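S.K.: Structure below; questions to follow.
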């Protein structure tokens, strides 16, 4: 949904020119105000939604009432409980529970944003209460993606972001340490995550492992040896966790 300003350039039939265009549109737009009350040079507020354009009001004119708007754009979105979310492709907001193709059967607020109607869409499902997970999905060239978790709102125990992997194997000099920099997935974390480590490889009884210099994009694995001989093929498995959008702990 996109809003714009336009100027009346003709009446009977109504013709308007959008701001930034040099020619009037070649059709009469839908209008929530009586077109017969308009005159050339009137300034209009218009809405572009999918392949539809509508005149919402005239500058300094009467405000558009809630009842004049489509139900999906009113102050309170329509209740679509028990219906199929796949069928709601126009820009707007909705609400409901037991909605087919919703993330769960719980109550949600649903938001629909269209790029190209029926082909490229985005839907977001926000739980009615303050505890729960926000979900989002896309319609990509007519095919719906699976739901993805956007954020954890409450204390449901689900991490906001996670990553795991293994550092490369290293040779540990006697009574020394080695350090390996691990690069985290780009954009995965918004703060430095909590890193947990475990050693893997040959005899690890005389070794210790720790993480250093943690940031949202990388950290350092340090493996230290207290042995009197070299240790070979030693590495560390790691897990990085961020519990909420603003904190690693939660």
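For (1) farther than 30 Å from residue 137 by Cβ; (2) part of a loop (DSSP other than H, G, I, E, B); (3) without any contact (Cβ under 8 Å) to a residue 60 or more places away in the chain, each residue gets a yes or a no:
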| site | (1), (2), (3) |
| --- | --- |
| 16 | yes, no, yes |
| 21 | yes, yes, yes |
| 25 | yes, yes, yes |
| 28 | yes, yes, yes |
| 41 | yes, yes, yes |
| 44 | yes, no, yes |
| 53 | no, no, yes |
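S.K.: Same structure again: Scan the range 223-243 for residues that are modelled with pLDDT under 85, surrounded by 14 or more Cβ atoms within 10 Å (Cβ to Cβ) and in contact with a strand residue (DSSP E or B) (Cβ under 6 Å, 6 or more places away or on another chain) and jot them down.
M.R.: 223, 224, 225, 231, 234, 235, 236
S.K.: Of all residues being in contact with a strand residue (DSSP E or B) (Cβ under 7 Å, 6 or more places away or on another chain) and not in a loop (DSSP other than H, G, I, E, B) in the range 71-91, which is farthest from residue 121 (Cα to Cα)? Just the residue, please.
M.R.: That would be 79.
S.K.: A further question follows. Any residue in the range 228-250 that is within 30 Å of residue 150 (Cα to Cα) sitting within a Cβ distance under 9 Å of a residue that is modelled with pLDDT under 75 and buried (at least 18 other Cβ atoms within 10 Å of the Cβ)? List the pairs, counting only those 6 or more apart or interchain.
M.R.: 243/152; 244/152; 245/152; 250/152
The values are calculated or read from the model by the stated rules, or taken from the named source; none is laboratory data. Remember, predicted model here, so these are calculated numbers, not experimental data. Positions of Cβ are backbone-derived with ideal geometry, glycine not excepted, and every protein chain shown enters the neighbour counts.
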